[in-house]
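For reference, the structure discussed in these notes is given below.
What follows is calculated from the coordinates using simple rules that are stated; it is not laboratory data. Since the model is a prediction, treat every value here as computed from it, not as a measurement. Here the Cβ is made from the backbone with ideal geometry for all residues, glycine too, and neighbour counts use every protein chain on show.
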Amino acid sequence: MKIVVTMKLVPDPNAEKKIDPQTKRLVRTGVETVLNPYDEYALEAGLQLKERVGGDTRVTIFSMAPDALKETLRRALAMGADDAAVLSDPALEGSDVWATAYAMAHALRRLEFDLLIVGGLTDDSSTGAVPGALAEHLGLPCITNARKIELADRTLTIERETDVGYQTVRAPLPALLTTALTFGEPRYASLKGIMGAKKKAIASIGLAELSLDSAVGSDGSKTEIESFAPPAARGQGKTVEAPDAAAGASAIFDFLRERKFV
Amino acid sequence: MKNVLVYAEHRQGATRKVTFELATQARTLADSLGGKACAVVVGSGAGAIAQQLAPYPLDAIYCNEDSQVDAFLLDPVVDYLEAAASLVGASLILIPNTLSGRDIAGRLMVKLRAGIVADVVDFEIAGESVVCVSPKLGGAITTRCALRPGEFGIATVRPNAFQAAASGGTAKIEQLPTARRSYAAAIDNDVEEGTGELALEEAPVVVAGGRGLGGPEPFETLLKPLARALGGAVGASRAAADAGWVPYSLQIGQTGKTVTPNLYIAVGISGAIQHKVGMRSSGAIVAINKDGAAPIGEFSDLLVVGDAFRIVPELTNLIEKAKGNAT
Ligand SMILES: Cc1cc2nc3c(=O)[nH]c(=O)nc-3n(C[C@H](O)[C@H](O)[C@H](O)COP(=O)(O)OP(=O)(O)OC[C@H]3O[C@@H](n4cnc5c(N)ncnc54)[C@H](O)[C@@H]3O)c2cc1C
Ligand SMILES: Nc1ncnc2c1ncn2[C@@H]1O[C@H](COP(=O)(O)O)[C@@H](O)[C@H]1O
C-alpha cells in the first residue's frame, strides 16, 4: 500500500511574523522554517497505519515549497517516512489557495497512492480549504478530522470528530483523510531515525513535468492581496493587584459593567 | 459578481447562530453590489430552518429536505450548493468558517473555479469588486484581499463578526431539484457527545481555564457558573486539554479553535503565543492570574492578579446579584 502525507513548511509558529511592505509576502529570512504542526499529526497517522498494515507499505511525504527549504523535510523522514517529493518552481511563488491546490493536485496525481493524508489547517494561512480542494481535483472521497482509522478490505472506517461529537464514516480506497489532533501526539524522531533519514531520498518535481493547462503563481491566482496592516491596536491594559478576592471580583465586575456585559 | 448566496449550516434542524449573521450581512452586501441575497438550506429539518430564515432580509431561500444529505459526508451539500450557485449566477458565496464550512468551501472552490478568502471578518465593496478583510498569521496582520469580479467568489466568514437582525423578510422559499442519490463517503453513525451547550466559536462570551485550575472539577464548579451567568461557553488552554481535564473540543489556540467572542475571560492561563493566536481578536479580554508577570497581561484589557479559586465565585455572585438572581 502507498500512503502520501502532505506537509507544508511554515515559519516557526513561535516567531514574530513580519510582512515585506514591497512584496506583501511573509519575510521568511531569519525565521526558522518548521513542519506545519497539523501535518505532523497527519504523518503520525500515516506511520501508525504503515505499522499496522505492514508488508511493503510506504509513506511518502509531499510538499510544495521553495527548493531551498526542502531539507526541513528531513525531520519527517527521521520520524519514519520512507521518502519525500517536493514540488518547487519559481513560477509557483505567490500562489493563492486556488493555484496551490491546482498545482499540488497535478503533482500528487503523478505520485500514485492508495491513501492521501492531509493536515487540517496550516499555521500561516489557515484556510483549511486545501484538503477539500485536493479531494475534488483528484476525485477522492474526503473524510476530514479523523481521530480513529480502521482499514480492512480496502475500505476505510473512520471515526471523525464533529462540533458536537463524532461520526463513523465508511469509504473505499483511494481516499483523502485529514487528521484531528485527538488522533495522538506525533512521535519524536529517534537517534536511529535521524541517522537513517540522511540516506533517504527527497525528490524534486518541477512544473515542466506536470503539463498544467492553466497558470499558477500570482498570475494563476483568483485572489489578490491589496493591502495588509497590523490589527487594530488594543488600548493599554490595566493591571489590578488583588490579594483580597472581593477587590479582584469587583474590579472585574466594574469592567464588565462599564463595557455593558452586565 | 452581483448576487450573494449564503450556506445555511444546521445540524438536522438545529440552527447555528452564524447562519443568521450571514443572512443579515448578505442583504447589506447584495445592496452594495446591486444584486440579490439568497440562502441555501438542505437536509433533514431544512424546511424548519427555511421558516426561521424567512424573517431575514433575503430574496430567495433554496431548500431541499433531502434526507440523503445526512447519509453522506458533505458530498450532497456541495452538489446542492453548486446547483444553487449556477441558478443564481456569478456570486459571492458566504460560508461559515466552521469545521464543515471549511471542507465545503475548498470543494466548492474547485467545482465553481472560484476564488476563496478564508476567515473573513469584514467586507468592502466598490462597484462589483469585493474586498475581504481577514486576520492572518494568527492575528499578527490583517489583510485586505480582493476577489475577481465577474467570477464566483467564496468567503468563509468568522462567527460573531456580523450582527444578526431579523427584519424585512420577504423571501420566497424555492425547492431545489433533488441531487444525485449516492456518494462514496457514507455516514454509518452520528453521535452527540456534548451536553448540547453553546458552540464555542459562536459564543458571545468565552470563559477559558488553564493549568492554573489544577484539575477537572474547577471547570464545573467555577467556570461553568460564571459562563452561565454571562450567557457564554467554557473553553480551555491546551495544557488543560492535554491533562484530560476537558475534551479537546474546548481547546483554544493554534492547534485548537479560534474564537472571537465579545468578551474573553482567561482564568489560570499564562497566555503562550499558541494560545494567544486563537483568542487575541476577541472584543474585550480579562485575565485572572496569580502571576502579575504572566504574558496574558500584555494583551488583556484587564489583568487581575490574584487567586482564581477565590475571585471567580465572588465575581459570579456579583453578576447574579446584578441580574437579580442572588444566592
Ligand atoms: C505546536 C504547539 C501547539 C500548541 N497549541 C496550543 C493551543 O492551541 N492552545 C493552547 O492553549 N496552547 C497550545 N500550545 C501550548 C502552549 O505553548 C502552552 O504550553 C499552553 O498554552 C499553556 O497552558 P496554560 O496557560 O493553561 O498553562 P501554564 O502556562 O502552565 O499557565 C498556568 C497559569 O495559571 C496561573 N495560575 C496558577 N494557579 C492559579 C490560581 N490559583 N489562580 C490564578 N492563576 C493561577 C499561573 O500563574 C500560570 O500563569 C501549543 C504548543 C505547541 C508547541
Ligand atoms: N504548499 C503545501 N505543501 C504541502 N502541503 C500543503 C501545502 N499547502 C497546504 N498543504 C496541506 O493542506 C493542509 C491545509 O492547508 P490550508 O488549506 O492552507 O490551511 C495543510 O495542513 C497541508 O497538509
* Among the DSSP beta bridges whose two residues both lie in the stretch B:20-155, what percent are antiparallel, rounded to the nearest 5? -> 50
* **Shielding of A:151-163 by partner chains, average beta-carbon count, 10 Å** => 3
* Tally Lys and Arg at +1 and Asp and Glu at -1 over the other residues with C-beta under 13 Å from the C-beta of A:Leu87: what net charge comes out? -> 0
* Structure fact -> Nearest 10, in degrees from 0 to 90: the angle of helix A:37-53 to the longest Cα principal axis of chain A is 40
* Separation between the A:Ser227 and A:Thr157 pseudo-spin-labels, each 7 Å from Cα along Cα→Cβ, expressed in nm? -> 5.7
* Asked: Taking R0 as 22 Å, what's the FRET efficiency between A:Asp20 and B:Ala126 from their Cβ-Cβ distance, rounded to 0.05?
  -> 0.25
* Size of the stretch A:1-74 along its principal axes in angstrom, Cα-based, largest extent first? -> 51, 23, 17
* Asked: Taking the alpha-carbon centroid of each part, what is the distance from the stretch B:1-53 to the stretch A:244-261 in angstrom?
  -> 38
* Take the eigenvalues of the Cα gyration tensor for chain A, scale each by 5, and report the square roots as semi-axes in whole Å, largest first. => 37, 26, 20
* How compact and how long is the protein assembly as shown, expressed as Rg and Dmax of its alpha-carbon atoms in Å? -> 23.8, 73
* Estimated translational D of the stretch B:200-326 in µm²/s (Stokes, Kirkwood radius over Cα pairs; 37 °C; 0.692 mPa s) -> 234
* Structure fact -> The summed charge of the B:Ser44 Cβ neighbourhood (under 14 Å; Lys/Arg +1, Asp/Glu -1) stands at -4
* **Other protein chain Cβ atoms within 10 Å, averaged over every residue that makes up B:145-155** => 3
* Could you state the angle between the C-alpha long axis of helix A:245-258 and the longest principal axis of the C-alpha atoms of chain A, as a value from 0 to 90 degrees rounded to the nearest 10? => 80
* Structure fact -> A correct Karplus calculation of ³J(HN,Hα) over the stretch B:163-177, with 6.51 cos²θ - 1.76 cosθ + 1.60, θ = phi - 60°, whole Hz and x for Gly and Pro, returns 7, 9, 9, 8, 7, x, x, 9, 5, 7, 9, 10, 7, 8, x
* the stretch A:1-143, Cα convex hull volume normalised per residue, Å³ -> 109
* Structure fact -> A convex hull over the alpha carbons of the stretch B:201-271 yields, per residue, a volume in Å³ of 71
* Which of the GluC sites (Glu not before Pro) found in the stretch A:26-134 are in a DSSP loop and have at most 13 neighbouring Cβ atoms, other than their own, within 10 Å? -> A:Glu32, A:Glu93, A:Glu112
* Electrostatic dipole magnitude of the protein assembly as shown [Cβ: Lys, Arg +1; Asp, Glu -1; Cα centre; debye, to 20] -> 440
* To do: Work out from phi, with θ = phi - 60° and the Karplus expression 6.51 cos²θ - 1.76 cosθ + 1.60, the ³J(HN,Hα) of each residue of the stretch A:146-151, listed in order in whole Hz, and give x for Gly and Pro.
  => 6, 10, 8, 10, 10, 9
* Asked: With each run of n ≥ 4 DSSP H residues scored as -39500 (n - 2.57), what mean residue ellipticity at 222 nm is computed for chain B after dividing by its residue count and rounding to the nearest 500 deg cm²/dmol?
  -> -7500 deg cm²/dmol
* Once both axes come from the Cα atoms, what is the angle between helix B:99-112 and the longest principal axis of chain B, in degrees from 0 to 90, rounded to 10? -> 30
* Structure fact -> Hull volume per residue for the stretch B:61-176, using the convex hull of the C-alpha atoms, in Å³ is 130
* Asked: If you look at just the Cα atoms of the stretch B:46-102, how large are its Rg and its Dmax in Å?
  -> 12.2, 31
* **Inter-chain shielding of B:297-308 (mean C-beta neighbours from other protein chains, 10 Å cut-off)** => 6
* Asked: Within chain B, what percent of beta bridges assigned by DSSP are antiparallel, to the nearest 5?
  -> 25
* To do: With θ set to phi - 60°, apply the Karplus curve 6.51 cos²θ - 1.76 cosθ + 1.60 along the stretch B:257-268 and write out the HN-Hα couplings as whole Hz, x wherever there is a Gly or Pro.
  => 8, 9, 10, 9, x, 6, 9, 10, 10, 9, 10, x
* Asked: Hey, fewest Cβ within 10 Å first, where do B:His275, B:His10 land in order?
  -> B:His10, B:His275
* In Å, what Rg and Dmax follow from the Cα atoms of chain B? -> 21.0, 61
